[in-house]
Amino acid sequence: MIGKAGHTRDGIKIHQDVDFDGMRKAGAVTARILDEIAEHVFPGQTTGEIDRIITEKVAEYGTTSATIGYKGYEHASCISVNHVVCHGIPGDKKLKDGDILNIDVTVILDGWFGDSSRMYVAGKLSRKAERLIQITHDALMKGIEAVKPGNTFGDIGHAIQTFAEGHRMSVVRDFCGHGLGQVFHAPPNVLHYGRPGTGPMLEEGMFFTIEPMINLGRPETKVLADDWTAVTRDKSLSAQFEHSIGVTRNGADIFTLSPTGKFHPTYE
């Protein structure tokens with residue numbers, strides 16, 4: 001049972017038991033949409049058509065898109081292909097055989113935000129892309145394993161960084177996870193690198209995303225002229241997985257688990 005609601009001295013909101021139910025419901029819708037979009041990812045498909053289908057599903061499930069209208073953004077998803085790190089804008093681009101892509105969706109249900117992203121592949125997955133995707137997925141799960149009261153946000157970042165760099169990949173530093181709940185973005189910033197024992201201490205009732213972006217090459221990124229699309233400076237492949245979680249007495253409650261086990265693109 002969580003104690004009194006409020007905020008930590010770092011401005012991080014502490015939520016109540018009943019709030020976990022709202023986040024589970026919102027997260028479940030996001031996860032279901034990401035499951036159902038998998039069959040629509042194939043060579044020759046456009047990212048714009050994928051986004052159109054997602055937009056329909058957001059409405060079908062009685063939810064609202066958190067991204068349509070957010071700072072002028074016009075789509076229900078971000079779709080980031082190959083060397084696009086994050087915030088890729090859906091459009092007329094046709095997927096080619098072997099393309100890897102991250103699809104990021106956030107819905108609002110009864111005021112609660114469900115935010116998640118995962119990787120997909122169009123056609124046949126190359127060995128190097130498969131390895132990148134696997135390491136990125138496992139890095140996220142290493143970060144989630146570090147979530148428990150008494151640990152720090154630095155412990156989460158350290159777990160992700162040491163795992164990814166141990167496999168000779170790099171962690172993007174220009175973007176991070178974030179607090180959420182009845183708002184899209186709130187404190188804290190959840191860095192995917194760091195030193196153990198640093199940063200705010202984790203407390204039961206905190207809600208936030210962990211969403212590491214891992215590159216095959218160097219970590220540096222740049223944002224294109226559209227002010228959204230972030231790419232790797234060296235044009236190396238990038239991958240990302242994201243879950244929304246709540247801190248419990250014993251660890252983490254993952255709000256955005258795939259109901260059919262499709263969180264990883266090699267589920268078949």
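Worth a mention:
- Taking only protein heavy atoms and a 1.4 Å probe, the accessible area of the chain is 50% carbon and sulfur.
- In this view, the solvent-accessible surface of Val85, computed with a 1.4 Å probe and all protein chains in place, comes to about 0 Å².
- Other residues whose C-beta falls under 9 angstrom from the C-beta of Ala252 contribute a net charge of -1, scoring Lys and Arg +1 and Asp and Glu -1.
- Largest-first ordering by accessible area, 1.4 Å probe, given options Met141, Met23: Met141, Met23
- Three-way shape label, the stretch 92-192, alpha-carbon gyration tensor, a/c 1.5: oblate
- Nearby lysines by direct alpha-carbon distance to Lys222 (threshold 24 angstrom, same-chain neighbours under 8 apart not counted): Lys71, Lys93, Lys94, Lys96, Lys128, Lys235
- Qualifying GluC sites (Glu not before Pro) for the stretch 53-89 [loop in DSSP, other Cβ within 10 Å: at most 13]: Glu74
- Sequence-distant aspartates and glutamates (8 or more away, or on other chains) whose Cα lies within less than 16 Å of Lys25: Asp17, Asp35, Glu60, Asp110, Asp115, Asp253
- Distance from the stretch 1-74 to the stretch 210-229 (C-alpha centre basis), Å: 21
- For trypsin sites (Lys or Arg not before Pro), the sites in the stretch 81-177 that DSSP calls loop and that have at most 11 other Cβ atoms within 10 Å are Lys124, Arg168.
- Amide H within-cut-off set for Gly123, under 5 Å, with H built and near neighbours excluded: Gly98
- For Cα extents along the principal axes in Å, the value calculated from this model appears in (i) 80, 72, 34; (ii) 53, 43, 38; (iii) 52, 35, 35 under label (ii).
The values are calculated or read from the model by the stated rules, or taken from the named source; none is laboratory data. The shown structure was predicted, so the numbers you read here are calculated from the model rather than taken from an experiment. FYI the Cβ positions are ideal-geometry reconstructions off the backbone, even for glycines, and counts take in every protein chain you see. Just so you know, the surface numbers come from the protein's heavy atoms only, side chains and all, with ligands and any DNA or RNA stripped out. Shrake-Rupley method; radii C 1.70, N 1.55, O 1.52, S 1.80 Å.
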